[in-house]
1. Exactly one of these conditions fails for Ala62: (1) touching a strand residue (DSSP E or B) at 6+ places or on another chain (Cβ under 7 Å); (2) without any contact (Cβ under 8 Å) to a residue 24 or more places away in the chain. Give me its number.
2. Which of the numbered conditions does Arg184 fail, given that it passes all the others? Conditions: (1) at pLDDT 95 or above; (2) open to solvent by 30 Å² or more (accessible area, probe 1.4 Å).
3. Looking only at region 36-50, filter to residues that are without any contact (Cβ under 8 Å) to a residue 60 or more places away in the chain and among the hydrophobic types (A, V, I, L, M, F, W, C); which one of those is most open to solvent (accessible area, probe 1.4 Å)?
4. Give me the pairs, please: first residue somewhere in region 124-139 and farther than 18 Å from Leu40 by Cα, second residue anywhere and part of a helix (DSSP H, G or I) and open to solvent by 50 Å² or more (accessible area, probe 1.4 Å), beta-carbon distance under 9 Å, and either six or more positions apart or on two chains.
5. Could you tell me which of the residues Arg165, Arg146, Arg114 is open to solvent by 20 Å² or more (accessible area, probe 1.4 Å), out of contact with any Pro (no Cβ under 8 Å at 6 or more places or on another chain), basic (Lys, Arg) and within 21 Å of Arg13 (Cβ to Cβ)?
6. Given the criterion of a type in the set (Asp, Glu), open to solvent by less than 40 Å² (accessible area, probe 1.4 Å) and touching a Gly at 6+ places or on another chain (Cβ under 6 Å), identify the matching residue among Glu94, Glu100.
7. Please name all residue pairs, on different chains or six or more residues apart, with Cβ atoms under 6 Å, provided the first residue is in region 102-123 and is in a helix (DSSP H, G or I) and the second residue is open to solvent by 40 Å² or more (accessible area, probe 1.4 Å) and of a type outside the set (A, V, I, L, M).
8. Of Gln55, Gln19, which residue is open to solvent by less than 60 Å² (accessible area, probe 1.4 Å), over 27 Å from Pro176 (Cα atoms) and among the polar types (S, T, N, Q)?
Amino acid sequence: MYVISLGDGAELRPLEPWQAQEYLAHIDRGREYIGRYIALADVCTDLDSARSFLQSYAEKQAADAGRIYGIRLDGTLVGGVLFPRFDAATGACEVGCWLEPAGTGRGLVTRAVRVLIDWAVDERGIHRVEWRAAAANTGSISVARRLGMTHEGTLRESYPYRGRRHDMQIWAVLAPEWRAHRKR
């Protein structure tokens, strides 16, 4: 297995089904915080559902349709980044993230997503990388800005979650913009 250093004791590595117990413990530690804006906390509630979720990403990776990676801080899983959608044929993908409180405020997601976008653009020829965030999720929107993404619009009340409909913002960066952003 490979490990990519993110600096400051943090690293990025694949998350796989055999790590379901560790993944579930991580989700349990951050369930309330993670669940404020994303359904991950509601999807992985026990060992079977955690294993099933990670298995779905193993299958996506095998089909070249998605990937998932854990962010570790001093050896402890504190969050992750993923390609929920990856389509090399059309040159488009989506990146996403989550963190438990112990991982926040350190720039971990920004650094990890840079690794994903670099790989997608440079190695796989992806032209368009999207980022979707609940309009109230200011932390996620700040990451999109730091990554040089452009706010393309807001899908009003498009995301039904926990009994409410939430606005979702769409941010994106195109390959030429990404390359220019990296040089700055």
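1. For Ala62, the exception is condition (1).
2. Against the list (1) at pLDDT 95 or above; (2) open to solvent by 30 Å² or more (accessible area, probe 1.4 Å), Arg184 comes up short only on (1).
3. Across region 36-50, the extreme among qualifying residues is Val43.
4. Ile126/Trp119; His127/Pro176
5. On the way: Arg165 fails: within 21 Å of Arg13 (Cβ to Cβ); Arg146 fails: within 21 Å of Arg13 (Cβ to Cβ).
The conditions single out Arg114.
6. Working: Glu94 fails: touching a Gly at 6+ places or on another chain (Cβ under 6 Å).
Only one candidate passes the filter, namely Glu100.
7. Going by the 6 Å Cβ cut-off, the qualifying pairs are Thr110/Arg146.
8. Values: Gln55 fails: open to solvent by less than 60 Å² (accessible area, probe 1.4 Å).
Sole residue among the options that is open to solvent by less than 60 Å² (accessible area, probe 1.4 Å), over 27 Å from Pro176 (Cα atoms) and among the polar types (S, T, N, Q): Gln19.
The values are calculated or read from the model by the stated rules, or taken from the named source; none is laboratory data. All values reported here derive from a predicted model rather than from experimental measurement. Note that each Cβ is placed from the backbone with ideal geometry, even for glycine, and that neighbours are counted across all protein chains shown. Just the protein is used for accessible areas: all its heavy atoms, side chains included, with ligands, DNA and RNA removed. Shrake-Rupley method; radii C 1.70, N 1.55, O 1.52, S 1.80 Å.
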